[in-house]
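Some notes on the structure that comes next.
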Amino acid sequence: MDNLPDRSTHPAAATTATLPIHQDPHIRRLLVVGLLGNLIRWLEILAFGVFTYQQTGSAFWVASMTMSRMVPMGLFGVAFGALAARISRRLGLLVIQGALLATTLALLFMSEAGALEVWHLAVASFVNGVAWAGDNPLRRGLIGDIAGGLRMPRAMALDVIGASACRLAGPALGGMLLAWGGMQAVLLVTAALHLAGFFAMLGLAKAPAWRKGPKSAVWSILAGGFQAARASRRLAATLCITLIFNIFGWPALSMVPVIGQERLALSAQGIGVLASMDGAGSLLGAGLLMALAHRLSHGHVFAGGLALFLAMLPVVALSVHPVLTGAALMVLGVGQSGFSVMQATLVFAAAPADRRMEAMGILTMCIGTAPLGFLATGWLAGRFGAPAAMVACAACGLLCLLATWPLWRACLREAPDAPGRS
């Protein structure tokens with residue numbers, strides 16, 4: 001891989017590098033693709049979960065449906081990083097969009113025929129998880145190529161704003177479609193959204209043909225990516241903090257519906273509102289970062305966002321007042337937005353130019369460790385209760401953050417190509 005050319009600059013960047021990020025037509029297309037993908041993801045998680053529970057009556061199978069979307073991130077993250085370094089990322093995204101559209105049309109056909117089964121949805125969820133695994137190295141990697149180091153934080157802030165908005169709108173849309181026309185309506189709208197994403201990618205500028213390097217095994221590429229992490233303390237720190245969030249942070253949020261029902265005695269509608277509060281906070285935080293990204297230290301926002309997230313978990317777990325719980329979830333969401341916006345930004349800035357896609361693949365693999373956290377959180381909740389599980393996650397996460405301080409303090413230093421404070 002060392003003799004690959006520097007692919008850090010997309011041809012579109014030469015003509016749009018001076019444009020504000022929201023006026024760049026190429027980045028706008030990639031953000032639209034991400035927006036549609038996130039809307040579909042949250043819509044399907046709700047609709048598939050309801051259908052699965054109606055068919056099986058098992059909460060375990062509902063959780064397994066969500067898990068099937070996450071497992072591919074750990075399995076295929078590095079492979080996608082290797083692939084993204086060797087092919088046109090535009091072509092890779094078009095193939096993914098086409099595969100998702102074909103999968104949805106197959107589900108729609110089976111639903112119309114009255115033959116739709118839970119295992120069909122499980123397979124489709126896995127396919128969607130594979131596409132999710134390709135998002136960091138392919139779509140976000142392409143955003144980084146076009147935006148460059150100076151515009152990357154604002155591009156990621158816009159991406160997180162879209163993702164947060166979809167986290168609020170997707171479940172509501174999924175529930176409305178289920179009530180209106182059942183799974184047929186859900187799948188018809190999903191197919192239309194996939195088709196829109198496919199045409200959005202078609203309009204993206206093509207990159208010139210790049211000379212291919214020698215074929216390398218995934219394990220050698222994985223080793224090369226970890227060599228890059230060892231060579232860059234900032235990259236290693238970013239990956240370390242990502243692991244802490246995905247093992248101890250994100251899984252703890254799965255306890256919010258249980259907290260709402262058992263500790264706060266909320267109705268189903270109240271639980272839905274409560275569960276959306278972290279998304280509202282994330283949307284607010286991403287908007288603030290969009291305005292202030294050029295003034296803030298990327299590393300401080302990244303590590304501080306995780307610390308704030310973990311610190312709010314015990315408040316959510318132990319509060320007996322719905323308003324206080326909702327407020328804590330909003331603050332938690334603000335921290336999560338800082339973490340999410342700076343995650344890909346720091347990896348892109350810290351990795352060597354010829355290893356960026358491999359580094360994004362390793363980032364995806366680190367995100368793919370979340371199923372381990374979900375399993376541990378579920379076991380703790382079953383044995384000691386949801387509040388205790390959430391507090392334990394927060395305590396373990398903060399202890400790991402403290403123990404790895406000598407490593408991740410490197411994240412607090414500005415990258416050479418970062419804009420820094422102004």
- From the backbone phi of the range 178-185, what are the Karplus-calculated ³J(HN,Hα) couplings (6.51 cos²θ - 1.76 cosθ + 1.60, θ = phi - 60°) in whole Hz, Gly and Pro given as x? 4, 5, 7, x, x, 5, 4, 5
- Computed curve, the range 19-206, Cα-only Debye sum without solvent term, log₁₀ I(q)/I(0) at 0.17 Å⁻¹, is -1.10
- Message: Please compute the length gained on full extension between TYR53 and LEU402, using 0.36 nm multiplied by the number of residues separating them and subtracting their Cα-Cα distance.
- Response: 121.6 nm
- Query: Using 1/(1 + (r/R0)^6) with R0 = 35 angstrom and r between the beta carbons of LEU288 and LEU372, what's the FRET efficiency to the nearest 0.05?
  - Reply: 0.65
- Message: Multiplying the sequence separation of TRP61 and MET176 by 0.36 nm and subtracting their Cα-Cα distance, what value in nm do you get?
- Response: 39.2 nm
- The rounded separation in angstrom of the Cα centers of the range 97-163 and the range 361-375 is 17 Å
- From the P(r) of the range 285-328, can you give the percent of Cα pairs sitting at distances over 14 Å? 59 percent
- If r is the Cβ-Cβ distance from VAL320 to ARG383 and R0 is 22 Å, what FRET efficiency results, to the nearest 0.05? 0.50
- For the pair LEU150 and GLU117, the simple spin-label estimate (label points 7 Å beyond Cα toward Cβ) gives in nm 5.8 nm
- Treat every Asp and Glu Cβ in the range 19-206 as -1 and every Lys and Arg Cβ as +1, leave all other atoms uncharged, and give the resulting dipole magnitude about the Cα centre to the nearest 20 debye. 640 debye
- Query: Can you work out the FRET efficiency for the pair ARG295 and GLN261, with r the C-beta to C-beta distance and R0 = 56 Å, to the nearest 0.05?
  - Reply: 0.85
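Rule-based calculations on the coordinates, nothing more; no lab input. These numbers come from a predicted model, not from an experiment. Every residue, glycine as well, gets a Cβ built from its backbone with ideal geometry; the counts of neighbours run over all protein chains shown.
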